[in-house]
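Taking it in order: structure first as structure tokens, then the write-up.
The values are calculated or read from the model by the stated rules, or taken from the named source; none is laboratory data. Computed from a predicted structure; not experimentally measured. With ideal geometry, Cβ positions are generated from the backbone for all residues, glycine too; neighbour counts draw on all protein chains shown. When the accessible area is computed, the model is the full protein with side chains, heavy atoms only, and any ligands, DNA or RNA have been set aside. Shrake-Rupley method; radii C 1.70, N 1.55, O 1.52, S 1.80 Å.
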Amino acid sequence: IRSVQIFSNISQNTGNPEAVAGLAFALGELAMLSKNYSEAVSHFTNTVQYLGELYTPVQRLLAEYRLGVALRQANEPEKAQELLQKTLQEAKNLGMRPLVSKIETMLEKCAPTKRTIFEKALPLGIPLTGRQLDILKGISEGLSNKEIASKLYLSTRTVDM
């Protein structure tokens, strides 16, 4: 909170662009702490814009990373992933290994979870037995009901049902 006050005073008294960017970043961090993620997205977006105009690539990439984190927390994983992919490449080009590592970790968290063919095909919330899943697996492999029955030591009628 103290840094917000300091940046606010400097920004108001001087209009210094670095102080304005610092204020936006500090407000973004404050919003993250308060779990007000949409507000954090707004502040970090402003930070990235200000820092882009100042040509401070290291600080801008850090702000973009925090914006990506805020976007993910604001339930916008696609936007977060797109931004973080771009930021990752620039961070690699500048040799910013610690930031690269953080971005890669966040990208893993933004990646959509992969569902199996069975999970995609079945309505959610309907549990299947292990045997039913075995039969579905056989179907997905293109086996006939007779082949599935033979492989699982079941009658063809059981597989049919």
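Please give the peptides 132-141, 57-66 ranked by average Cβ packing (other Cβ atoms within 10 Å per residue), highest first, as a rough proxy for protection. Could the numbers behind the result be given before it?
Values: 132-141: 15.2, 57-66: 20.4.
Taking the mean over residues of other Cβ atoms within 10 Å, the ranking is 57-66, 132-141.
Between the residues 139, 98, 149, the greatest Cα displacement towards the positive end of the dipole of the chain, with unit charges on the Cβ of Lys, Arg, Asp and Glu, is found for 149. Between the helical axis of 57-73 and the longest alpha-carbon principal axis of the chain there is an angle of about 50 degrees.
Compared with the rule-of-thumb size 2.2 N^0.38 Å for a compact globular protein, segment 23-79 has a Cα radius of gyration ratio of 1.02.
In Å², and per residue, what accessible area does the chain have when probed at 1.4 Å with the other protein chains present? Can you show the working numbers first?
Numbers: 10580 Å² over 161 residues.
On a per-residue basis, the chain sits at 66 Å².
Could you tell me what percent of the accessible area of the chain is made up of carbon and sulfur, with a 1.4 Å probe and every protein chain present? In the chain, the share of accessible area belonging to carbon and sulfur is 55 percent. Against the chain, whose longest principal axis is taken from its Cα atoms, helix 77-93 shows a tilt of about 60°.
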